[in-house]
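What follows is calculated from the coordinates using simple rules that are stated; it is not laboratory data. Computed from a predicted model, the values in this text were never measured in an experiment. A quick note on method: Cβ atoms are made from the backbone with ideal geometry, for glycine too, and the neighbour counts reach across all protein chains shown.
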Amino acid sequence: MRPLLLLITLLMLMLSSCGTPKNTAQFYQAHKNRPGVTNFKLPGWLVWFGGGIAYNAIKDEDAKAALRVGRKVGKMRLMASENGAVIPPAEVDAFLHNIKQNGFDELIYVKHEESIVNVMVHDRKNKIRNVLLLVNDQDGFVFLDLKTRIKYDEIADLINYFIQKDKEEEVEPNESPSTDLPRA
């Protein structure tokens, strides 16, 4: 009886591992080579290096504030198709269900007719470790996976920077109206 239970348990474990992808890397690997799918992956050091070059080249303070946070983005995976049927919606739904069980939280969910946009994050120790953007509609599919080390305080600082800047722009005096208007 023991060998039979052991065999059944082993078979169930093997079958459960063959199911839907349990994380973003597995989903990317499973679908990146399908016909009609365009994909690329950037290593973290290249994203960091490119962000540093852009930071030094840009003079706009708003862009620099955003790049300070953007330099905390590591590896980036992008997969897109112009034909939405390449990756069946049932597989996307199963993937979303699995990653929600593995610690991802839904940040934004928008559904309009047949189009669905999901933005999900996985965080640990007060840092966002993973950002996932999925856009799925009848015309196409986009998968963007970002490995990050962004702290929530850094996001709050960036938001406060832009709020403060908007307040300062509202307070600036407007130009006085022209006095050269013809009198009636």
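Under 16 Å between alpha carbons, and skipping anything fewer than 8 positions from Lys125 in its own chain: which lysines qualify?
Lys72, Lys147, Lys151
Show which aspartates and glutamates lie in cross-link reach of Lys165 when reach means a straight Cα distance below 17 angstrom and same-chain residues fewer than eight apart are skipped.
Asp60, Glu61, Asp62, Glu154, Asp157
Given 0.36 nm per residue, what is the gain on full extension from Ala30 to Tyr152 after removing their alpha carbon distance, in nm?
40.8 nm
Which of the aspartates and glutamates could a cross-linker bridge to Lys32, judged by Cα under 19 Å and excluding same-chain residues fewer than eight apart?
Glu82, Glu91, Asp93, Asp137, Asp139, Asp145
At 20 °C and a viscosity of 1.002 mPa s, what translational diffusion coefficient does Stokes-Einstein give for region 92-156, taking Rh as the Kirkwood radius over Cα pairs? Give it in µm²/s as a whole number.
The calculation lands on 170 µm²/s.
I'd like the FRET efficiency for Asp60 and Lys125, computed as 1/(1 + (r/R0)^6) with the beta carbon distance as r and R0 of 35 Å, rounded to 0.05.
0.60
Mind checking the full-extension length gain between Ala90 and Val110? Use 0.36 nm per residue of separation minus the Cα-Cα distance, one decimal, nm.
5.4 nm
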